[in-house]
Amino acid sequence: MPLEHQGSCGFLRCPAEILDLVFDLLSTAELRALGLVNKDLCALVEPYVYSKIDWTWRENHAPPPITPLLRTIISKPQLAARITSFRFQSNPACCWEWNKFAAQKISIPVAELHEFIAFVQRTGVPYRDLWTEQLSNGDSDALLALFLAHLSNLRYLSLDYIFCRQSRIIQMLLQSAICNPGMYKLPDFQHLRAVSFHPYDDSGAPYTALRSRGQSPLSQSLVLPLFYLPKIQRISAAVENTDTFAWPTDCLPDPSKLTSIYLADIREANLGSLLSVTRNLRSLRWTWYYDAGVHDAIVVPIVNLDGIAAALSHVRDTLTDLTIFAEAPLGGGDQFYPAVKMEGSLRTMVEFDKLKRLQIPLAFLVGFAQDTTKRLHDVLPRNIEYLSLTDELGLQNNDGFFETWPMYEWQDFALLILLRTWLKDWRTYTPHLRSVSLVYDELDTYQGEWPPELRHQLTDLGTQAGVQLDLVEWRRAW
């Protein structure tokens, strides 16, 4: 359909593809300024201005303009349909102040508040009185939930972990909208393709888990409804453990398009329950975690390798990329890292024929005790192409308090022997292997690790075997 007054601006005669290239180069402020020129340009830039909302709330700064935007999309519902991506992050000065930061109130003018409350009452949800009460208090959870309740065309959602921690209304909203579609006047979020409630970035480096930052995982009631979204492709979240795992509805989810998951803190048994419904999963990143301050039947200082193997078996026929991190950090006032031990084996992982990329703590494959008679090819997937071995859990039990639990004993020379045993005949066991990376912590504790002579031997081993061997240093974000 031709635009009005097209002749008044030659720029508007350009093909849509050219206009797209131009608009992609402009900032949001520039797009807004362009939209003020005339109605034709306003109609063209509007999808770009509203399609992606990306906000960061910094400490000692005013909150992002969520109230004015809500006022706008309530008066012009067509604009709400333009929003396909919403990202709301925070930037407190100190991670220990996250809870205090997230509890900040957002002022809502009286006129807007009445309009917001009226909308909540029209939804018909059973918790609308609590919702309106929290709106009146200026709670960010209630205001964010109200904003989400207008986004019928949302494709990508990323909420900062600290706001999710206090997300009682958002949690109930997602359950109502996703698990009971059509029952209330809410969007069903059926267009959502990617959801992130994760506190970590996507760099692929090992991370310090949540509790070591004074935080705790998110409620399963917030995360589990996401698995019922028919178009969901990626989920990223830190998830709590429960003694009795239960899906929010009587029917099991069937996220057939879900191909990528990043889960933190959830332990072996609960992990298996989640993976049991992911029949097409290709990429999994998971953080095994132990907190010495938690005393229950699930968060225990034992890496249940048989349990991990059983959980992963649900996706053995589809998984191509697996990353496992491991964290058992210092507790408050502790001088030594808590003792952790391995039980069982990951030997069944040899049969994971689709797995091409693997990053995993060395201890998960060969234990803590330095035993060069162990063979990596007894546990590595036979079609593996890229392998990264990390030294995570390398500081556990280093005070020797649990005398029957071994400390992490693997040293550089012993690891070199382990690699040499495998690589002298690697084509028999892992014929598609391309590269191996040894990822080790650059803490002062490990000064002198991989001296020049051993680095030279490692390089020679890679050359002789015809496999790229790399040493990768990383620094933990304590």
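The values are calculated or read from the model by the stated rules, or taken from the named source; none is laboratory data. Here the structure is a predicted model, which is why all the values come from computation and not from measurement. In this analysis, Cβ positions are derived from the backbone assuming ideal geometry, glycine residues included, and neighbour counts consider all displayed protein chains.
For this structure, a couple of remarks:
- Single residue of Leu284, Leu274, Leu226, Leu263 found to be in a helix (DSSP H, G or I) and either within 14 Å of the chain's Cα centre (by Cα) or surrounded by fewer than 17 Cβ atoms within 10 Å (Cβ to Cβ) (or both): Leu226
- Close pairs from segment 56-79: first in a helix (DSSP H, G or I), partner of a type in the set (Asp, Glu), Cβ under 7 Å, at least 6 apart: Thr67/Glu112; Arg71/Glu112; Ile74/Glu115
- Here Asp399, Asp317, Asp371, Asp391 are screened, and the one residue that is touching a Lys or Arg at 6+ places or on another chain (Cβ under 8 Å) and among the acidic types (Asp, Glu) is Asp317.
- Lone qualifier among Leu305, Leu312, Leu322 - being aliphatic (A, V, I, L, M), crowded, with 21+ Cβ neighbours inside 10 Å and within 22 Å of Val467 (Cα to Cα): Leu322
- Options Ala328, Ala311, Ala339; residue that is touching a Leu at 6+ places or on another chain (Cβ under 9 Å), assigned by TED's automatic domain parsing to the domain that holds Glu403, in contact (Cβ under 8 Å) with a residue 60 or more places away in the chain and of a type in the set (Gly, Ala, Ser): Ala328
- Tyr161 among the aromatic types (Phe, Trp, Tyr) and at pLDDT 85 or above: no
- Scanning segment 229-241 for residues that are more than 13 Å from the chain's Cα centre (by Cα) and without any contact (Cβ under 8 Å) to a residue 40 or more places away in the chain turns up just one, Glu240.
- Ile298 passes every criterion in (1) within 21 Å of Phe402 (Cα to Cα); (2) part of a strand (DSSP E or B) apart from (2).
- Taken together, Leu443, Leu469 contain a single residue that is farther than 21 Å from Tyr408 by Cβ and either in the same structural domain as Thr323 (by TED's automatic domain parsing) or at pLDDT 90 or above (or both), which is Leu469.
- Among the residues of segment 380-421, those that are hydrophobic (A, V, I, L, M, F, W, C) and over 20 Å from Ala339 (Cβ atoms) comprise Leu380, Ile384, Leu387, Leu389, Phe413, Ala414, Leu415, Leu416, Ile417, Leu418, Leu419.
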